[in-house]
2 protein chains.
Amino acid sequence: MTTVLVDTARSPYAVLKPVPIESVKLEDAFWAPRLKRLREVTLPTQYKLLEDTGRLDNFRRAAGVVKGPFRGFYYNDSDVYKWVEAVSLALASERDSQLEKLLEEVVNVIIAAQDADGYLNTYFTFERRGERWSNLRDMHELYCAGHLFQAAIARHRVTGKRDLLDAAVRFADHILEVFGPGRRAGVPGHPEVEMALVELYRETGRREYLSLASRFIDLRGRGLIGGSPYHLDHVPFREMRELTGHAVRALYLCCGAADIYMETGDAKLREALDRLWHDLVERKMYVTGGVGSRYAGEAIGEAYELPNERAYAETCAAVANVMWNWRMLLMTGEARFADILELSLYNAALAGISLKGDRYFYTNPLADRGRHRRSEWFDCACCPPNIARLIASIPGMVYSTSPRGVWVHLYAANRARIELNVGAVELIQHTEYPWSGLVEMKVRPDRIDEFSLFLRIPEWCRDARVTINDAEELRPRPGAYLELRREWEWDDRVRLEMSMEPVLLESHPHVTCNTGRVAIRRGPLIYCLEQVDNPGCDVWDLAIIPGELRAEYEPELLGGIVVVRGRALALDVSDWRGRLYAPLSEVKVRTREVTFTAIPYYAWANREPGPMIVWVRLAQPTAPYSGARA
Amino acid sequence: MTTVLVDTARSPYAVLKPVPIESVKLEDAFWAPRLKRLREVTLPTQYKLLEDTGRLDNFRRAAGVVKGPFRGFYYNDSDVYKWVEAVSLALASERDSQLEKLLEEVVNVIIAAQDADGYLNTYFTFERRGERWSNLRDMHELYCAGHLFQAAIARHRVTGKRDLLDAAVRFADHILEVFGPGRRAGVPGHPEVEMALVELYRETGRREYLSLASRFIDLRGRGLIGGSPYHLDHVPFREMRELTGHAVRALYLCCGAADIYMETGDAKLREALDRLWHDLVERKMYVTGGVGSRYAGEAIGEAYELPNERAYAETCAAVANVMWNWRMLLMTGEARFADILELSLYNAALAGISLKGDRYFYTNPLADRGRHRRSEWFDCACCPPNIARLIASIPGMVYSTSPRGVWVHLYAANRARIELNVGAVELIQHTEYPWSGLVEMKVRPDRIDEFSLFLRIPEWCRDARVTINDAEELRPRPGAYLELRREWEWDDRVRLEMSMEPVLLESHPHVTCNTGRVAIRRGPLIYCLEQVDNPGCDVWDLAIIPGELRAEYEPELLGGIVVVRGRALALDVSDWRGRLYAPLSEVKVRTREVTFTAIPYYAWANREPGPMIVWVRLAQPTAPYSGARA
């Protein structure tokens, strides 16, 4: 089977073509254990929670197998679908008879709940049958449908089984009858079905699904669902200049538009996507790749509005940011999208799941006093199966191909067998990435021929060196793909050395919350200070002294991580007790120099609770001005 | 008539006794014009809006005089009541036949809407009659009742007319029958009726109203309305250790508890109030005296959570902060409460209304890009009549008395005639406060006798000097009342000089949004930088150089204000274009020195839109550290 994530193989406006999950065998110490934990811990525990919370019983109830009321939120079906998608993708990496058994059961439970007319949503059954499609803005029927389609497609690609795909097609045809061309004009309040419909077109070849997806984009911004920015209905998509509204909805919408562009080549869509992407990454994205500044409306905020303690940065929005940038990357082959994909993946998204794989964050603050802890589950449980399907999809995001050759997006030890125009090539990556920037690859083409190896040089890497077979050192430009074109021979060796010096980052001056503060980045990872590693001074009261930062591998810490250490002033703020404001310099703050230890942000909140902070105060030198001080 | 705001004349546990509005004739250039504008602009335009938005017709509809549906929110009656209270209090300062005519009409409209059983709420009439008292948590019936009581009391005190008071008493008796001792246990979702019931007890002498108010406090925290912090029902009031939840509800609740304490002397109430006050002013209050950090739930946030651009700081919460501190001041005679009262009044509250008196802020950010503008009205119009009744009540907050003498809380040119134990005294204040710290008072006792003049020395004033009849200079302690006890003679002169040097304030280090930032305070006023006064550089990009700050009176600017000028670095951040994060010092920021002009925060957004900021970046000296810079 060939399980690709976004099947651009025949998409006329996609530069890159996918490499199936089955072709990539991860052998690294970072992702491979996470995929194992996904299969062994995350997906089984999520299954149990789907069962215990009545999510599966809602389907059995719809099928008439169990009695009682519908349980939970009206969009709970989507959690089941995302789990099916996650399990399917996980099985593409490695078979697991236990998971397969659970999957078969759940798929059967889903299929049995489908109405004769193709409709499938367990909330709108029995007493609520008459309310179907009566409130597109709020009731998430098309959103749930989209997740069903994605689950069905993943299952079909992994197993070849058509059962769920047939159900999806029946439902899609039902939706076509209701909302297709010439029928009722409707727009989903929560985008998702758009990208799912395009993928269903790719999987089935039925172009009417693509048309329906386009229709859902085209009808947006006409007030059909109230015209609010929250619902992204305030302006037609092609005219949007700013990314606003509910973060996950906004990013899913962009995924759908990108998918449509790759099939249709509609320049206005691409221009809008590019504008929105720039608006996001240059004005509205957390340093972790997280998106969503406001609890109110789970929304993207104004430009530079990026509060830390009250960051919303929903795990689902980080997943969506990966998904959107994956599509933009396939569309263009431009490294800037891979940079944001990697950033969101390793930081904002990965923080959403505990190291053990059984606890989740819904929101992801960038500073905390120790109260914010991961939960086993949520009443609104969109995030847990979303991060699961993302992790399951990692092997499918390592490589792509184009007519000129193979593209390397992510670095992780693996063996891959990739089909190119000139025949298959085996690639063997050796690397300790993300802990080390050294990547050694072996290239083993089935037959000697000319093709290109495109190596992604991350934007964060200001000093990269590439050698082929120990000869001709290249100094590639960061933030671009280095095209190595030659007649590759069996066991040609490519060595990529990416400098991974830890650096202090600062923010655009209008990010007022980060004034006088720095974040630590090393390679693709954003770091944070957690209290447990820094005894003796509240990490909120540490002020980093610019200077040498040391990266040290700690094999026993948090599953094996590289910590970053440096010097800081520890501020004794005890004289501030009982005061909130004071004339400048009236309250004395004593300082002493200490060594601080920072850990990757994704790993926080896996030990005892305590203060955490990403944007750490920067020590200021003793002042010639009367007031300025550390 | 003797219109007092909170009638502690016979309250056994109140240190201070009120001085009626009628006794104080403001003659200053700050408040007196505002009271005039209140009568001439604010209250007439609000009347028109009450009429145009159907708020008065809702009463006429309830009375059967007009037909049609109820209009607006279910709590809209309260806006009418607050307007009645504001008009009544304004008339206590100065008669106005036009306003009196409107008031009579509105009072008649209200009274006609009352049910035979005393119930009065225009939403729960006709088709909703059966839903009365069915949802105490959300439907604000007791909240509206409280505002009716306060309006009726004010009208009675100002005019002696019993009409609305009789209606209030009938409604209060109805509420007693429903929720009194031995009846149904209920708690209002939005506190307000507690303080109103205590005041109704004070006005009528009927102790059962005090008991009912106590009952509403005592039953809180038992889950009767759901047990959420938002509704302040998560813990019994006497056990509360942190001020949480909806800001206005929290502060109104504290007002009610303070009123009850002043009648009952319940030590547990006072301890809780003191804890909550410290929690607020030491951890959760904006530098303006504003309260409420979160849009989500209009809520008070965690300790030190004080975002600037997204400050909620509802105008009503600032009004409530004044009201609560007024009660705490009456209770204790402690200057710390007068300090917060003055701070909230001159800054957080006063910013809620335009200089012309016809536009309002609901939320009050401390930094803005120019989009936040005052509105003529709101669908939820709690703030406009609330700021109106606050301004109308100013003359009643200038003085109090105690058995030892007269207390001066606020400085403003005025003539007052105040009854003391030893006979009446006329006080004449000459001052340009808040623009100048010089206050000259004449004391004119009806007969020579010993009593004390308590002068409030604000906490912000680190250098105050007091002389009596040009002799014996005193250097009183800031943040306290200076007791001047003597046998006062006709035309004794007291001269108080409060140093009003502008100062830069900094925040507790855990207010992470204010790191590296300072605010400007001069006297009781907090300042801001508004773009229109600072051409050539975005005020968000100015960095104040600590050093001399000059206060200069500008008679033509914003109705006559003292501006604060000083030196700043103007940062040219144009190289940041298109970047959100960058390695420290990689993006060069050029600076040049400029003069900045700051205006009082209350006066912002009265000219053309543009960026505004309270917490201005502090210039840092050129750094011995590689990264630190302005």
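The values are calculated or read from the model by the stated rules, or taken from the named source; none is laboratory data. Please read these numbers as outputs of a predicted model, since none were measured by experiment. Methodologically, a virtual Cβ is constructed for each residue, glycine included, from the backbone with ideal geometry; neighbour enumeration extends over all protein chains shown.
The residue pairs whose first member lies in the range B:104-127 and is among the small types (Gly, Ala, Ser), whose second member is outside any helix (DSSP H, G or I) and crowded, with 20+ Cβ neighbours inside 10 Å, and whose beta carbons are closer than 7 Å, counting only pairs six or more residues apart or on different chains, are B:113/B:120; B:113/B:122.
With respect to the conditions (1) surrounded by 24 or more Cβ atoms within 10 Å (Cβ to Cβ); (2) of a type in the set (S, T, N, Q); (3) free of Cβ contacts under 8 Å to residues at least 40 places away in the same chain, residue B:375 lacks only one, and its number is (1).
Suppose we filter A:367, A:413, A:388, A:392 for residues that are among the aliphatic types (A, V, I, L, M), in contact with a strand residue (DSSP E or B) (Cβ under 6 Å, 6 or more places away or on another chain) and not assigned by TED's automatic domain parsing to the domain that holds residue A:493; which single one remains?
On the way: A:413 fails: not assigned by TED's automatic domain parsing to the domain that holds residue A:493; A:388 fails: in contact with a strand residue (DSSP E or B) (Cβ under 6 Å, 6 or more places away or on another chain); A:392 fails: in contact with a strand residue (DSSP E or B) (Cβ under 6 Å, 6 or more places away or on another chain).
Exactly one of A:367, A:413, A:388, A:392 is among the aliphatic types (A, V, I, L, M), in contact with a strand residue (DSSP E or B) (Cβ under 6 Å, 6 or more places away or on another chain) and not assigned by TED's automatic domain parsing to the domain that holds residue A:493, namely A:367.
Residue check: residue B:325 meets all listed conditions (1) within 14 Å of chain A (Cβ to nearest Cβ); (2) crowded, with 24+ Cβ neighbours inside 10 Å but one, namely (1).
Output the residues belonging to the range A:586-607 that are under 22 Å from residue A:520 (Cα atoms) and either small (Gly, Ala, Ser) or not in a strand (DSSP E or B) (or both). Those that are under 22 Å from residue A:520 (Cα atoms) and either small (Gly, Ala, Ser) or not in a strand (DSSP E or B) (or both): A:598, A:601, A:602, A:603, A:604, A:605, A:606, A:607.
When the range A:44-102 is examined, which residues are found to be aromatic (Phe, Trp, Tyr) and either crowded, with 24+ Cβ neighbours inside 10 Å or not assigned by TED's automatic domain parsing to the domain that holds residue A:140 (or both)?
At the first step, the residues of the range A:44-102 found to be aromatic (Phe, Trp, Tyr) are A:47, A:59, A:70, A:73-75, A:81, A:83.
Hits for the range A:44-102 are A:59, A:81, A:83.
Within the range B:500-522, the set of residues being more than 7 Å from chain A (Cβ to nearest Cβ) and touching a strand residue (DSSP E or B) at 6+ places or on another chain (Cβ under 7 Å) comprises B:500, B:502, B:514, B:519, B:520, B:521, B:522. With respect to (1) at pLDDT 95 or above; (2) buried (at least 16 other Cβ atoms within 10 Å of the Cβ); (3) more than 19 Å from residue A:313 (Cα to Cα), the lone exception for residue A:450 is condition (2).
With respect to residue A:187, is the statement that it is in contact with a helix residue (DSSP H, G or I) (Cβ under 7 Å, 6 or more places away or on another chain), touching a residue at least 60 places away in the same chain (Cβ under 8 Å) and among the hydrophobic types (A, V, I, L, M, F, W, C) true? Judged against the criteria, residue A:187 is not a match.
Considering B:233, B:259, B:274, the condition of being away from chain A (no Cβ under 11 Å) and not in a helix (DSSP H, G or I) is satisfied by B:233 alone.
Suppose we filter B:306, B:280 for residues that are hydrophobic (A, V, I, L, M, F, W, C), within 22 Å of residue B:351 (Cα to Cα), within 13 Å of another protein chain (Cβ to nearest Cβ) and over 17 Å from the mean Cα position of the chain (by Cα); which single one remains? Of the residues listed, the single one that is hydrophobic (A, V, I, L, M, F, W, C), within 22 Å of residue B:351 (Cα to Cα), within 13 Å of another protein chain (Cβ to nearest Cβ) and over 17 Å from the mean Cα position of the chain (by Cα) is B:306.
What are the residues in the range A:288-304 that are assigned to a loop (DSSP other than H, G, I, E, B), touching a Lys or Arg at 6+ places or on another chain (Cβ under 8 Å), in contact (Cβ under 8 Å) with a residue 24 or more places away in the chain and surrounded by 21 or more Cβ atoms within 10 Å (Cβ to Cβ), if any?
First, pick out the residues of the range A:288-304 that are assigned to a loop (DSSP other than H, G, I, E, B): A:288-290, A:292-293, A:295, A:300-304.
Subset that is touching a Lys or Arg at 6+ places or on another chain (Cβ under 8 Å): A:293, A:295, A:300-304.
From the residues that got through so far, the ones that are in contact (Cβ under 8 Å) with a residue 24 or more places away in the chain too are A:295, A:300, A:303-304.
A:300, A:304 - these are the residues of the range A:288-304 that are assigned to a loop (DSSP other than H, G, I, E, B), touching a Lys or Arg at 6+ places or on another chain (Cβ under 8 Å), in contact (Cβ under 8 Å) with a residue 24 or more places away in the chain and surrounded by 21 or more Cβ atoms within 10 Å (Cβ to Cβ).
All told, residue A:435 falls short of being part of a strand (DSSP E or B), within 22 Å of residue A:322 (Cα to Cα) and touching a residue at least 40 places away in the same chain (Cβ under 8 Å). In the range A:536-557, the qualifying residues are those that are more than 9 Å from chain B (Cβ to nearest Cβ) and in contact with a Pro (Cβ under 7 Å, 6 or more places away or on another chain), and the one that is farthest from residue A:606 (Cα to Cα) is A:549.
Condition test on residue B:181, is it part of a loop (DSSP other than H, G, I, E, B), within 25 Å of residue B:264 (Cα to Cα) and over 25 Å from the mean Cα position of the chain (by Cα)? Spelling it out, residue B:181 is indeed part of a loop (DSSP other than H, G, I, E, B), within 25 Å of residue B:264 (Cα to Cα) and over 25 Å from the mean Cα position of the chain (by Cα). Residues in the range B:195-241 that are within 14 Å of residue B:153 (Cβ to Cβ), of a type outside the set (Phe, Trp, Tyr) and surrounded by 24 or more Cβ atoms within 10 Å (Cβ to Cβ): B:195, B:196, B:197, B:198, B:199, B:200, B:213.
Counting only residues that are of a type in the set (Ser, Thr, Tyr), outside any helix (DSSP H, G or I) and either more than 7 Å from chain B (Cβ to nearest Cβ) or surrounded by fewer than 16 Cβ atoms within 10 Å (Cβ to Cβ) (or both), how many does the range A:558-585 have?
We begin by selecting, within the range A:558-585, every residue of a type in the set (Ser, Thr, Tyr); these are A:574, A:581, A:585.
Retained after the next criterion (residues that are outside any helix (DSSP H, G or I)): A:581, A:585.
Remaining after also requiring either more than 7 Å from chain B (Cβ to nearest Cβ) or surrounded by fewer than 16 Cβ atoms within 10 Å (Cβ to Cβ) (or both): A:585.
Summing the residues that are of a type in the set (Ser, Thr, Tyr), outside any helix (DSSP H, G or I) and either more than 7 Å from chain B (Cβ to nearest Cβ) or surrounded by fewer than 16 Cβ atoms within 10 Å (Cβ to Cβ) (or both) in the range A:558-585 gives 1.
The set of residues in the range B:8-39 that are part of a loop (DSSP other than H, G, I, E, B) and under 18 Å from the mean Cα position of the chain (by Cα) contains only B:30.
Taking the criterion of being within 23 Å of residue B:102 (Cα to Cα), in the same structural domain as residue B:77 (by TED's automatic domain parsing), crowded, with 24+ Cβ neighbours inside 10 Å and of a type in the set (S, T, N, Q), would at least one residue in the range B:153-172 satisfy it? Among the residues of the range B:153-172, not one is within 23 Å of residue B:102 (Cα to Cα), in the same structural domain as residue B:77 (by TED's automatic domain parsing), crowded, with 24+ Cβ neighbours inside 10 Å and of a type in the set (S, T, N, Q), which makes the answer no.
Checked across the range B:334-355, the condition of being out of contact with any His (no Cβ under 6 Å at 6 or more places or on another chain), within 11 Å of another protein chain (Cβ to nearest Cβ) and without any contact (Cβ under 8 Å) to a residue 24 or more places away in the chain holds for no residue.
Taking the range B:190-218 as the range and being without any contact (Cβ under 8 Å) to a residue 40 or more places away in the chain and outside any helix (DSSP H, G or I) as the test, the residues that pass are B:205, B:206.
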